[in-house]
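Visitor: Input: one structure, supplied below.
The values are calculated or read from the model by the stated rules, or taken from the named source; none is laboratory data. Given the structure is predicted, the values throughout are model-derived calculations rather than measurements. All Cβ positions, glycine included, derive from the backbone under ideal geometry; neighbour counts span all protein chains shown.
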Amino acid sequence: MIDQTLSSESVPLPAPHFITIAHVVYGLHALSVIMGVSTAAFIVTAFLSGWPSILAVVISYFKRGEVKGTFLESHFRWQIGTFWWSLLWMLIWAIFAIPLYLSMVGIPLIWAMGMVLGVWVIYRIARGWLALFSHESLPA
């Protein structure tokens, strides 16, 4: 780790290569979102099943211990949390989607729920990445 500290906090700055790794992880998540936007898949399904996001979560798990005590710890936790919360919400969505799909009336609701979940994923990636550019921590 570098001995520099952030000016507004007494938290040490991580080594520059860890900041680069965090940017790569956000980029991989964003690539999955782009895959969801540019295909027939929902954003959240592309995010959860696409190789970029799966690789990003694996990287986050491996690197989070190495940045303990820095602002990057919150970013890796945020990225991991985004993936797992998306999976949970997707499972809940699927439970409601199956019976709703059987009625024609429920199909628009299924689409709306999928879109809301996709917007939430985009928000989490954008908010985290913007905070990373500013070297800010994210909430727990």
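Visitor: Does segment 97-109 include one or more residues that are of a type in the set (Ser, Thr, Tyr), part of a helix (DSSP H, G or I) and more than 27 Å from Phe18 (Cα to Cα)?
Guide: yes
Visitor: Applying the selection to segment 8-63, what residues are of a type in the set (S, T, N, Q) and under 22 Å from Trp85 (Cβ atoms)?
Guide: Ser32, Thr45, Ser49, Ser53, Ser60
Visitor: While we're here: Look through segment 68-92, keep the residues that are touching a residue at least 12 places away in the same chain (Cβ under 8 Å) and more than 18 Å from the chain's Cα centre (by Cα), and return whichever of them is farthest from Gly27 (Cα to Cα).
Guide: Out of the qualifying residues, it is Gly69.
Visitor: Test Pro139 against the criterion of being at pLDDT below 95 and farther than 27 Å from Leu55 by Cβ, and give yes or no.
Guide: no
Visitor: Regarding segment 60-83, can at least one residue be identified that is under 24 Å from Ala15 (Cα atoms), in a helix (DSSP H, G or I) and of a type in the set (Asp, Glu)?
Guide: There is at least one residue in segment 60-83 that is under 24 Å from Ala15 (Cα atoms), in a helix (DSSP H, G or I) and of a type in the set (Asp, Glu).
Visitor: Which members of segment 20-51 meet the condition of being of a type in the set (A, V, I, L, M) and in contact with a Gly (Cβ under 6 Å, 6 or more places away or on another chain)?
Guide: Met35, Ile43, Val44, Ala46
Visitor: In segment 31-51, which residues are surrounded by 19 or more Cβ atoms within 10 Å (Cβ to Cβ) and assigned to a helix (DSSP H, G or I)?
Guide: Ser32, Val33, Met35, Gly36, Ile43, Val44, Thr45, Ala46, Phe47, Leu48, listed by residue number.
Visitor: What residue, of Gly118, Gly106, Gly114, is out of contact with any Phe, Trp or Tyr (no Cβ under 8 Å at 6 or more places or on another chain), of a type outside the set (A, V, I, L, M), more than 14 Å from Tyr26 (Cα to Cα) and surrounded by 14 or more Cβ atoms within 10 Å (Cβ to Cβ)?
Guide: Sole residue among the options that is out of contact with any Phe, Trp or Tyr (no Cβ under 8 Å at 6 or more places or on another chain), of a type outside the set (A, V, I, L, M), more than 14 Å from Tyr26 (Cα to Cα) and surrounded by 14 or more Cβ atoms within 10 Å (Cβ to Cβ): Gly106.
Visitor: I would also like to ask the following. Going by what's in this entry, would Ile54 be described as free of Cβ contacts under 8 Å to residues at least 12 places away in the same chain, of a type in the set (A, V, I, L, M, F, W, C), part of a helix (DSSP H, G or I) and under 16 Å from Trp129 (Cα atoms)?
Guide: no
Visitor: Out of contact with any helix residue (DSSP H, G or I) (no Cβ under 6 Å at 6 or more places or on another chain) and not aliphatic (A, V, I, L, M): is that true of Ser38 in this structure?
Guide: Here the answer is yes, as Ser38 does meet what is asked.
Visitor: Moving on. Just to be sure I understand the filter: pairs with C-beta atoms under 7 Å, separated by 6 or more residues or on different chains, first member in segment 120-140 and closer than 17 Å to Pro16 by Cα, second member not in a helix (DSSP H, G or I). Which pairs pass?
Guide: Listed pairs, sorted by first residue: Ala131/Leu138; His135/Leu6; His135/Phe71; Glu136/Phe71; Ser137/Phe71.
Visitor: Given the criterion at positive phi and surrounded by fewer than 19 Cβ atoms within 10 Å (Cβ to Cβ), identify the matching residue among Gly81, Gly69, Gly65.
Guide: So the residue among Gly81, Gly69, Gly65 that is at positive phi and surrounded by fewer than 19 Cβ atoms within 10 Å (Cβ to Cβ) is Gly69.
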